[in-house]
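To keep things clear, I will list the structure first and then write my remarks on it.
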Amino acid sequence: MKKVKYLLLSGFLFSVVACDKQLDIEPLQSVSETVALDSDANVKLVLQGAYDNISRDGLYGGNLFRDAELAGADGEIRWVGTFGDPRDITNHTMDAGNNDAENTWRTAYVAINTANNVLSALSIVNESDRARVEGEARFIRAIAHFELVRLFGKPYVAGATNSQLGVPVVTTPTRGVTSDSYVSRNTVEEVYQAVHDDLHEALDLLPEENDVFANKYTAAAMLARLHLARGEYSEALTEAEAVIGSGAYSLVSDYADLWNQDDNTEEAIFSMQVSNQDGANELVTFFSIPEYGGRDGDIEIEQKHISLYDASDARLAMFYEGNGALRTGKWRDQYKNIPVIRLAEMYLIAAECKARLGQSADEYYNAVHTRAGLSAKTGVTLADVLLERRLELAFEGHRIHDVKRLKGSVDGLIRFRPANWKPIRTSFRITAIN
């Protein structure tokens with residue numbers, strides 16, 4: 001069945017401010033809370049606007065994933081496009097004027113502000129829906145802060161105090177630029193704790209089923225990611241197993257069927273909804289070629305990546321030749337949904353945690369490994385799991401975060417230790433977006 005697609009927030013704003021007299025129309029960049037948040041229906045439409053925010057190109061509309069892969073390319077992929085900002089990300093020559101970084105920063109705080117506006121108006125929401133609405137808003141606020149701190153903050157160090165600088169945690173609506181709009185960075189520990197708290201609240205508030213929107217297991221899956229990033233392996237295992245054991249999702253038997261889909265597959269825990277009328281899939285724009293709706297093939301797959309696969313690995317079939325280079329078929333077709341969290345990731349998180357905790361990782365590892373047409377293994381090691389993760393989740397926005405988490409290196413240039421990271425500036429202005 002065709003799922004509901006996200007509504008554009010701009011369309012909602014037009015509908016609630018339109019009137020008979022042109023002089024009574026409020027400017028869209030400054031809609032007051034009394035207009036936008038004056039009814040149950042309007043608050044829910046603003047919530048849908050928050051989903052639209054995170055689906056934009058700067059976040060889960062594609063560039064967030066693209067840039068994480070480019071930053072961790074390490075010779076496995078190559079940027080050949082004409083745009084300078086992605087090239088600087090690939091070459092590790094970014095400066096404060098990078099437009100892609102600015103787009104991600106701005107889009108994330110727009111989503112946070114929209115979620116904060118919803119949370120400020122919960123008393124207006126019908127009581128029967130209030131818990132769900134709060135849970136969804138907290139979930140969106142949490143994941144936006146999470147993505148920001150992973151990209152703009154200093155790395156989280158398991159077992160340390162993590163007093164290094166992260167990003168500002170913003171939990172109240174910004175409805176006009178004042179002196180209060182200039183906020184300082186919180187510590188990495190404070191940001192991670194805020195994300196943790198919001199996700200746990202969302203976990204308690206959200207239903208098990210919620211169409212294409214965030215549900216209880218979406219929150220649990222994000223908590224599994226969060227705990228893995230913090231080196232809290234028992235906690236990450238608990239959340240990943242809760243998703244796996246829920247029965248709400250199942251692995252797609254054919255890996256190729258996960259990609260280039262109009263609707264969510266049974267493996268998709270959370271996806272961005274894209275159609276030819278709404279939504280962005282910038283992964284297609286840059287990974288694909290004109291034949292399928294992409295640009296000129298800005299990102300090429302290198303042999304160094306292909307060499308990581310076993311020759312009988314079914315995932316190799318996802319690569320194709322186009323415009324004189326090798327491409328990934330994950331992001332081939334225009335106007336297709338973007339899976340943000342998949343069940344396979346939960347299996348791999350569970351497998352990694354099992355291995356780190358001295359338990360057998362065989363069952364969870366083999367669920368993913370054998371789906372790729374490979375023989376089951378016994379005595380699976382941590383190295384086995386980490387390689388499987390690298391292959392299964394390639395080009396899905398995990399690479400640079402895994403390099404940081406595992407204290408790896410990229411292009412022999414960067415060692416991800418806290419001492420290597422210095423803040424560009426100590427305070428930031430959060431622009432009012434209504």
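Before moving on, here are some points about what is shown:
- Net charge dipole size for the chain [Lys, Arg +1 and Asp, Glu -1 on Cβ; Debye, nearest 20]: 1120 debye
- For the chain, radius of gyration divided by Kirkwood radius, i.e. Rg to Rh on alpha-carbons: 0.95
- Per-residue extension of 0.36 nm, minus the Cα-Cα distance of GLU208 and ARG106, leaves a gain of 33.6 nm for this segment.
- Cα Rg, Dmax, the stretch 54-184, angstrom units: 17.3, 53
- Just so you know, the Rg over Rh for the stretch 43-115 is 1.08, from Cα atoms, with Rh as the Kirkwood radius.
- Given their separation in residues at 0.36 nm each and the Cα-Cα distance between them, ASP38 and ASP262 gain 77.2 nm when the chain is fully extended.
- Overall dimensions of the stretch 219-355 by Cα: Rg and Dmax, Å: 16.5, 46
- Percent of beta bridges antiparallel (DSSP, the stretch 9-429, rounded to nearest 5): 95 percent
- Close amide H pairs (under 5 Å, H built 1.01 Å from N) link SER271 with VAL340, residues at least 5 positions away or on another chain.
- Residues SER250 and ARG78, FRET efficiency given R0 of 30 Å [Cβ-Cβ distance, rounded to 0.05]: 0.25
- A cut-off of 5 Å between modelled amide H atoms, ignoring neighbours fewer than 5 places along the same chain, links GLY322 with ARG327.
- Using a simple spin-label model with pseudo-atoms 7 Å out from Cα toward Cβ, HIS200 and LEU387 lie 3.8 nm apart.
- Distance violations [Cα-Cα > 23 Å] among LYS377/LYS404; LYS354/LYS377; LYS304/LYS407; LYS44/LYS216; LYS354/LYS407; LYS354/LYS404: LYS377/LYS404
Computed from the coordinates by the stated procedures, all read-outs in this text should not be read as laboratory data. The model shown is predicted, which means the values in this text are computed figures rather than measured ones. Don't worry about glycine lacking a Cβ; one is built from the backbone with ideal geometry, like all the others, and counts go over all protein chains shown.
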